[in-house]
Amino acid sequence: MKASAVMAAHLAVITGPDAGHVFALVPGRELLVGRGSRCDVRLDDPSVSRVHCRLDVADQAVTLIDCGSTWGTQVNQQTVHRQRLHPGDRIQLGDTELEFHAEADLVATATPRQVRPTATGADLHALVGAQFLRYRVDSVMARSATGIVYRACDLRSPRPVALKIYWPAMFPDETAQARFLRATRVTIGLSHPHLVKLHAAGRSRGLCFTASEFVEGESTADLLRRIGVAGMLDWRTAWRMAVGLAAALEALHARNILHRGVLPNNILIRSADGLVKLGNSTLAKALDDIGAPQLTQRGEIVGDLFYLAPEQLSDAAHIDPRADLYGLGATLYAVLTGRPPFLGSPADVVGQILSAPPEPPTKFHLSIPPAFEGVVLRLLAKRPDDRYPHATQLLAELRRIGRSLGVCD
């Protein structure tokens, strides 16, 4: 493998509060590392000094220089003051451990070309067949208003991942990007059978990205399009989805994480066994933190609007976990009936969400048991106080109904 004229390098946080984050190292720059606000690689670790060390990034070498840190800097368990880094080196700063990666460290029989997208986003479409940081980009899975999702391979594992690179307008400046990284910190590594696991997140050349568990299957939105407006799923399938998603929300809410986007596009169904997984647990929080505008493509705003709780339309700054429960109820309604609770123009849908009762699901699907229908309608209550107080209570009720009707999750 020939060496490139310019080395592509990055730091991956292995342990510590920022575990899972990836920081690209731009050649020709001196990068400050620490917990201070002026650092280029900013770590949320109180045991790290405000300016802990400096990285001199040249075309073919990266040199680490300690900046008089309180507890010192270790490379491969040796205290150093100045050290040239090599691929695989482990750097210890306080309670944070980072690993240094360079292009030469990513060995493959056929090395994909390195593409380094810039903050214009114009070259995101050229990534297929190329390498982005430590990921080989294989194909485009989806395009949306927020970015492009690729099927990729993490060359360090190796394992397949869903690599999402966000459009530059989503996080346009340093402040927005820093808040994006903070928002991802709470979900990186969170493991639950019904949550899509977020493996890593970072930014490179002004672009934010996430690398998540790859789920072979389809989204619930794809399923609804496939079965069509006249299509309905067996209520037992919907009940099992409800149990899985309620368990996912229980896990998120136990960590004080609101999803804010429980809707068919964010719910994946694994083809091997029908297991449901709730994804995109980071994006809404990141957008809320930066006060980002609602960016949509044609049709997306209507698609999301169908599943928003009344309080998300009237007082979005003060929602609580019960808004997620409403989104689950609206999604279950669509799975059971082939349509969301309310139809019409965006203005009509907003009005109905705020004030109109939904038609009972049994109007469209006669075989739904009354007890399960009651759960769905309670989830769709206008007042949060009239819904289940927590996902835990919802999950217990669903399992009680399952036992009484002879179905199990």
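The values are calculated or read from the model by the stated rules, or taken from the named source; none is laboratory data. The model shown is predicted, which means the values in this text are computed figures rather than measured ones. Here the Cβ positions follow ideal geometry from the backbone for every residue, glycine too, while neighbour counts run over all protein chains shown.
How do the pairs read when you match residues in region 23-51 that are in contact (Cβ under 8 Å) with a residue 24 or more places away in the chain with residues anywhere that are among the acidic types (Asp, Glu), using Cβ under 6 Å and keeping only pairs 6 or more apart or on different chains?
Pairs that qualify, where the first residue is in contact (Cβ under 8 Å) with a residue 24 or more places away in the chain and the partner is among the acidic types (Asp, Glu), are Pro27/Asp59; Glu30/Asp56; Leu31/Asp40; Leu32/Asp40; Leu43/Asp18; Asp44/Asp18; Asp45/Asp95; Ser47/Asp95.
Considering region 41-75 alone, what residues qualify as being of a type in the set (Asp, Glu) and within 19 Å of Thr15 (Cα to Cα)?
Of region 41-75, the ones of a type in the set (Asp, Glu) are 44-45, 56, 59, 66.
The answer is Asp44, Asp45.
Restrict the check to region 102-113 and report whether at least one residue is part of a strand (DSSP E or B), at pLDDT 85 or above and outside the structural domain of Ala221 (by the TED database).
Kept after step one, since they are part of a strand (DSSP E or B), are these residues of region 102-113: 102, 113.
Imposing the further condition that a residue be at pLDDT 85 or above reduces the set to none.
No, that holds for no residue.
Can you pull out every residue in region 82-100 that is more than 15 Å from Thr63 (Cα to Cα) and among the acidic types (Asp, Glu)?
Hits for region 82-100 are Asp95, Glu97.
Take the residues in region 7-19 that are among the small types (Gly, Ala, Ser) and surrounded by 19 or more Cβ atoms within 10 Å (Cβ to Cβ), then tell me which one is farthest from Pro87 (Cα to Cα). Break it down into steps so the answer makes sense when it comes.
Looking only at region 7-19, we keep the residues that are among the small types (Gly, Ala, Ser), and these are 8-9, 12, 16, 19.
This time we only want the ones that are surrounded by 19 or more Cβ atoms within 10 Å (Cβ to Cβ), so: 8-9, 12, 16.
Details: Ala8: 11, Ala9: 9, Ala12: 12, Gly16: 20 Å.
For region 7-19, the residue satisfying everything is Gly16.
Within the group Thr237, Thr210, which residue is β-branched (Val, Ile, Thr) and out of contact with any helix residue (DSSP H, G or I) (no Cβ under 7 Å at 6 or more places or on another chain)?
Thr237
Considering only region 10-27, how many residues are more than 23 Å from Ala183 (Cα to Cα) and at pLDDT 80 or above?
So the first thing to find is which residues in region 10-27 are more than 23 Å from Ala183 (Cα to Cα), and the list is 26-27.
Those still in the list that are at pLDDT 80 or above too: none.
Count: 0.
Report, by residue number, each residue of region 123-134 that is within 20 Å of Leu198 (Cα to Cα) and out of contact with any helix residue (DSSP H, G or I) (no Cβ under 9 Å at 6 or more places or on another chain).
Phe132, Leu133, listed by residue number.
Taking region 20-36 as the search range and keeping residues that are farther than 15 Å from Asp56 by Cβ and over 25 Å from the mean Cα position of the chain (by Cα), which one is surrounded by the fewest Cβ atoms within 10 Å (Cβ to Cβ)?
My answer is Gly36.
Quick one: which helices (runs of 4 or more DSSP H) sit completely within region 308-409 and have at least 2 residues that are under 20 Å from Leu233 (Cα atoms), in the same structural domain as Ile257 (by the TED database) and of a type in the set (A, V, I, L, M)?
Working: elements: 310-314, 321-337, 346-355, 370-379, 391-405.
Where helices (runs of 4 or more DSSP H) fall fully within region 308-409 and carry at least 2 residues being under 20 Å from Leu233 (Cα atoms), in the same structural domain as Ile257 (by the TED database) and of a type in the set (A, V, I, L, M), they are 321-337, 370-379, 391-405.
Go through (1) at pLDDT 85 or above; (2) farther than 19 Å from Arg205 by Cβ; (3) surrounded by 20 or more Cβ atoms within 10 Å (Cβ to Cβ) for Arg50 and report which single condition fails.
Condition (3) is where Arg50 drops out.
For region 161-249, which fully contained strands (runs of 3 or more DSSP E) count at least 1 residues that are at pLDDT below 85, crowded, with 17+ Cβ neighbours inside 10 Å and not assigned by the TED database to the domain that holds Arg400?
Result: 198-204, 207-213.
Return yes or no: is Cys153 more than 29 Å from Val335 (Cβ to Cβ), in contact with a Lys or Arg (Cβ under 6 Å, 6 or more places away or on another chain) and outside any loop (DSSP other than H, G, I, E, B)?
On the way: more than 29 Å from Val335 (Cβ to Cβ): yes; in contact with a Lys or Arg (Cβ under 6 Å, 6 or more places away or on another chain): yes; outside any loop (DSSP other than H, G, I, E, B): yes.
Considered against the rule, which asks whether it is more than 29 Å from Val335 (Cβ to Cβ), in contact with a Lys or Arg (Cβ under 6 Å, 6 or more places away or on another chain) and outside any loop (DSSP other than H, G, I, E, B), Cys153 comes out as yes.
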